[in-house]
Amino acid sequence: MSAILKKFKRSKSANSIWRQPLAVVGIVIILTWTILAVFAPWIAPYDPNAQDADKFLTPSAQHWMGTDELNRDIWSRIIYGARISLPYSLLLVFLSATLGSIIGAISGYAGGKVDSFLMRVTDVFFAFPGIVLAMAVAAALGPQIRNAVIAVTIVAWPVYARLVRGLILNAKQNDYVTASALLGSSALRTMVVDLRPNLSGPVFVLASLEVGNALLLLSGLSFLGLGAQPPAAEWGSMVSMGAVNFDRWWVGLFPGLAILTAVLAFNFIGDSLRDALDPRTAKALRD
Amino acid sequence: MRPVSGERKTRKRPLSGTGFAPFIIRRLLTSIILVFGVTFIAFSITQLVPGDPVAANLGQSAYSDPEIVAAFEKEFGLDQPVPVQYYKYVTNLLQGDLGVSLSSKRPVAEDLKEYFPATLEIALIAVLLALVVGLLLGIISAVTRDRLADQIIRVFSLTGVSMPAFWTALTAFYIFFFVLGWAPGTGRLEPGGEAPPTVTGLFTIDALIAGDFSTFRQAFSYLLLPAVVLAIYAIGVLTRFTRASMLEILGNDYVRAARAKGLPEFTVIRRHVLRPALLSIITVAGVAFSSLLAGSVLVENVFSWPGLGQYAYRAAVGLDLPGIMGVSMVVATVYITMNLIVDILYRIIDPQMKDSA
């Protein structure tokens, strides 16, 4: 038994993600937040919107993180906040990775004029101040967390487009791609069957590196009042309540720490994933 | 710089040469096209999404009066078809006219002249700080790879890029203003403080030009905290990037050769590792600078810093199209100019590098 175990351990590559302490810390933090989010009704000591306590209670045994301006328990609101921040950041990354990958794939596969047009568009988006555009779109669509996700997706896809285009250009040179085209595969089939396997790894790593940024941008929009709306418990908008009452340190401090730990954990994981993958992928991601 | 041409002279397209002049012309043209691309995308997106700038800028009672609405639309050209609006915007832009802001009712160019220097001032300090600290930490991290110092710096720099700027600003403000009383408060000067005569719009520089040292000290004390908060993210980015690019170079054979011939480690690092790494670090610093301009939105909000970020926020919330376009143009132009400068620097420092764009 132990022999098998040993063999199994040895067979894992030396730089497997589980050998990296930071990655383990990151996974543990995200798992904790996930459990808190899923079981929020059972874990949270109070209803996140109940206004039963007193205003601005300092942290105590009854209210671990104190209460806010509207007499609500901050720790309970943070637990419920995980239900907004985490899934929406993941959704945001999924949407922008999909959009960016499709544009990058078309660009790299079609080549020529289509390619140079799409890449110029990508350049323009890179030059664009993301948060300004996101603010404008979020304001125009109406302040809602769903609209904030759309707004950030519109500014976040170009990194994926550039990455995927580069990967496709590289993969296209393989003989099996030419062979598949000669056998009469359609463009779509070539892309999905022959080219896609070259993409998933790097795109996944980039996406994992971007989750933290997505969470930062989304909570930033909420902080400005352009994302989740009251009374929803969302970390960014909770910090903004702390900004109004900055002399009550606990109101803004704890929701901010929640954002920091979640973003940090995602970055630990993303960083370790990149290091654990082969150097080629790491290089493609850096270029 | 002597043009390096010759081997590819047979090409027919006039701008496709590898010489220095065609390179610059080509890059300039691309940059100008990019700036117009930015106006086009900003314009289309703000038109595509629903949202009524008239409703956002007129009061409830004025909005219910069709005559006032019509007058407002006429004044700002909102009654014209969208392509006409865009055409007008671009032709005006070519004459340096950025339109009139819907919310401040002033020319956008004037607004920007007032708000941009405030942001430039903190962003410059932030990027300088980030360059010094980020380079230093990155070098230490790379040289002590996988040892304790490296681990600490890695966690530190990852934390830097993971901190929500608005929260960092708030926490710093609480500690340094409310608890310690070291920071002076919000804004650029104390209430009622008189701004130095405008030359650059940067209060510190203008105060120095006017020889007014007390205003200089005051302006500097007000900008220090927002600048440091703004710098934290950039420090994280630059530390990580410096470490990565140095590690990549450390693996090269010529570094082994330099060590093998007995050069002191300090010389190896300085001459054979840091110098080649510097090129790409400059690139990242340039990009970081323009992202600081945009990132200032959240920090300025907390410090009531009357800069571009605050202006952008007000423009966005008020669906003030000329305002949004103006801010986007400024930030995009800085970004594009930075890239242009970096590309030209590359050519000067490393003439071997043929332009690939």
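How long are the three semi-axes of the equivalent ellipsoid of region A:25-105, in whole Å, if each is the root of 5 times an eigenvalue of the C-alpha gyration tensor, listed from largest down?
The equivalent ellipsoid of region A:25-105 has semi-axes of 34, 14, 10 Å.
May I ask which residue of B:202, A:151, B:130 lies farthest towards the positive end of the charge dipole of the protein assembly as shown, with charges of +1 (Lys, Arg) and -1 (Asp, Glu) on Cβ and the Cα centre as origin?
Checking the options against the dipole of the protein assembly as shown, the answer is B:130.
Please report, to one decimal in angstroms, the Kirkwood hydrodynamic radius of region A:157-287 built from all distinct Cα-Cα pairs.
17.5
Tell me which aspartates and glutamates have Cα within less than 17 Å of residue B:74's Cα, excluding those fewer than 8 residues away on the same chain?
Result set, ordered by chain and number: B:52, B:65, B:320.
Could you work out Rg/(2.2 N^0.38 Å) for chain B, with Rg from alpha carbons only?
For chain B, the normalised Cα radius of gyration is 1.19.
How well do other chains shield peptide B:292-298, expressed as the mean number of their Cβ atoms within 10 Å of each residue Cβ?
5
For chain A, what is the charge dipole size about the Cα centre, in debye to the nearest 20, if Lys and Arg each add +1 at the Cβ and Asp and Glu each add -1 at the Cβ?
So the magnitude is around 1240 debye.
Tell me, what ³J(HN,Hα) does each residue in region A:174-182 have, in order and in whole Hz, if you take phi through Karplus 6.51 cos²θ - 1.76 cosθ + 1.60 with θ = phi - 60° and put x for Gly and Pro?
Values per residue, Gly and Pro as x: 5, 5, 5, 6, 4, 4, 4, 5, 5 Hz.
Please give every one of the aspartates and glutamates within straight-line cross-link reach of residue B:261, meaning a C-alpha to C-alpha distance under 17 Å, and leave out same-chain neighbours fewer than 8 residues apart.
Once the sequence-local aspartates and glutamates are set aside, what remains near residue B:261 is B:253.
Pop out the carbon and sulfur fraction of the accessible area of chain A as a percent, whole number, probe 1.4 Å.
65
Using the heavy atoms of the protein chains alone and a 1.4 angstrom probe, what is the accessible area of region B:221-357 per residue in square angstrom?
Details: 5310 Å² over 137 residues.
Per residue, region B:221-357 has an accessible area of 39 Å².
Sorted from largest to smallest, which semi-axis lengths in Å does the alpha carbon gyration tensor of region A:92-192 give for its equivalent ellipsoid, taking the root of 5 times each eigenvalue?
They are 32, 14, 9 Å, listed largest first.
Quick one: which residues, 5+ away or cross-chain, put their amide H under 5 Å from the amide H of residue B:100? H built at 1.01 Å from N.
Excluding prolines and chain starts, which carry no amide H, the hits are B:108.
Enumerate the amide H contacts of residue A:229 below 5 Å, restricted to partners 5 or more residues apart or on another chain; note that Pro and chain-start residues carry no placed amide H.
Under 5 Å from the amide H of residue A:229: A:145.
Heavy atoms only, probe 1.4 angstrom, no DNA, RNA or ligands counted: give me B:75, B:265 ranked by accessible area, highest first.
Result of the area sort, largest leading: B:75, B:265.
Quick one: accessible area per residue over region A:65-286, 1.4 Å probe, rounded to a whole number of Å²?
In whole numbers, region A:65-286 has 37 Å² accessible per residue.
Quote the accessible area belonging to residue B:344 in square angstrom, nearest 10, computed with a 1.4 Å probe and with ligands, DNA and RNA left uncounted.
Taking all protein chains as shown, residue B:344 has close to 40 Å².
Measure of size requested: the Rg and Dmax of the protein assembly as shown, with Cα atoms as the atom set and Å as the unit; please supply both.
Answer for the protein assembly as shown, Rg first and Dmax second: 26.3, 87 Å.
Output wanted: per-residue J couplings in Hz (rounded whole) for region B:102-107, from phi through Karplus 6.51 cos²θ - 1.76 cosθ + 1.60, θ = phi - 60°, x for Gly and Pro.
5, 8, 8, 6, 10, x
Per residue in region B:128-163, which ones lose no less than 20 Å² of accessible surface when going from chain alone to all protein chains (1.4 Å probe)?
At a threshold of 20 Å² (probe 1.4 Å), the residues of region B:128-163 that become less exposed are B:154, B:155, B:158, B:159, B:161, B:162.
Hey, what number do you get for the protein assembly as shown at 222 nm if only DSSP H runs of n ≥ 4 count, each worth -39500 (n - 2.57), divided across all residues, to the nearest 500?
Numbers: 27 runs with 444 residues, N = 644.
Taking each H run of at least 4 residues, the total per residue is -23000 deg cm²/dmol.
Give the Cα extents of region B:20-94 along the principal axes, in whole Å, largest first.
61, 21, 18
Put one equal scatterer on each alpha carbon of region B:240-357, apply the Debye formula with no solvent term, and list log10 I(q)/I(0) at q = 0.13 1/Å to two decimals.
With one equal scatterer per Cα and no solvent, log10 I(q)/I(0) is -0.69.
In a GNM of chain B with a 10 Å cut-off on Cα contacts, which of B:295, B:134, B:193 has the highest mean-square fluctuation?
It is B:193.
With Kirkwood's inverse mean 1/r over C-alpha pairs for Rh, give me the Rg to Rh ratio of region A:65-286, two decimals please.
That ratio is 1.08, to two decimals.
Partner chain Cβ atoms within 10 Å, averaged over the residues of A:143-156 - can you pull that number for me?
1
³J(HN,Hα) across region A:126-132 via Karplus (A = 6.51, B = -1.76, C = 1.60, θ = phi - 60°), whole Hz, x for Gly/Pro?
Coupling constants for region A:126-132: 5, 6, 6, x, x, 5, 5 Hz.
May I have the pair-distance distribution P(r) for region A:215-277, computed from all Cα-Cα distances with 5 Å bins from 0 and rounded to whole percent?
Each 5 Å bin holds this share of Cα pairs: 4, 19, 22, 20, 14, 8, 7, 4, 1, 0.
How big a patch of accessible area, both sides summed and in Å² to the nearest 100, lies buried between B and A at a 1.4 Å probe?
Using a 1.4 Å probe, the pair buries roughly 4000 Å².
What are the residues whose amide H is under 5 Å from the amide H of residue B:183, where those residues sit 5 or more places off or on another chain and H is modelled from the backbone?
Residues meeting the criterion, in which the H sits 1.01 Å from N, are B:177.
Evaluate the charge dipole of the protein assembly as shown about its Cα centre and quote only its size in Debye, nearest 20, assuming +1 on the Cβ of each Lys and Arg and -1 on the Cβ of each Asp and Glu.
Taking the Cα centre of the protein assembly as shown as origin, the dipole is about 3500 debye.
Among B:238-250, A:180-192, B:160-172, how do they line up from the highest to the lowest mean number of other beta-carbon atoms within 10 Å?
Values: B:238-250: 22.1, A:180-192: 12.8, B:160-172: 23.8.
By packing density, highest mean first, the sequence is B:160-172, B:238-250, A:180-192.
Helix check for chain B. Which DSSP H runs span at least 15 Å along their own axis by Cα, with a mean Kyte-Doolittle hydropathy no less than 1.0?
Helices meeting the span and hydropathy rule in chain B are B:20-48, B:108-143, B:148-162, B:213-250, B:275-303, B:321-349.
Above 14 Å lies some portion of the pair distances; for region B:187-270, what is it as a whole percent of all C-alpha pairs?
Distances greater than 14 Å cover 73 percent of the Cα pairs.
Could you work out, residue by residue across B:240-253, how many beta carbons of other chains sit within 10 Å of that residue's beta carbon, and then give the average as an integer?
1
The values are calculated or read from the model by the stated rules, or taken from the named source; none is laboratory data. All of these numbers come straight from a predicted model, not from anything done at the bench. When we count neighbours, we look across all protein chains shown, and the Cβ atoms used for this are built from the backbone with ideal geometry, even at glycine. Just so you know, the surface numbers come from the protein's heavy atoms only, side chains and all, with ligands and any DNA or RNA stripped out. Shrake-Rupley method; radii C 1.70, N 1.55, O 1.52, S 1.80 Å.
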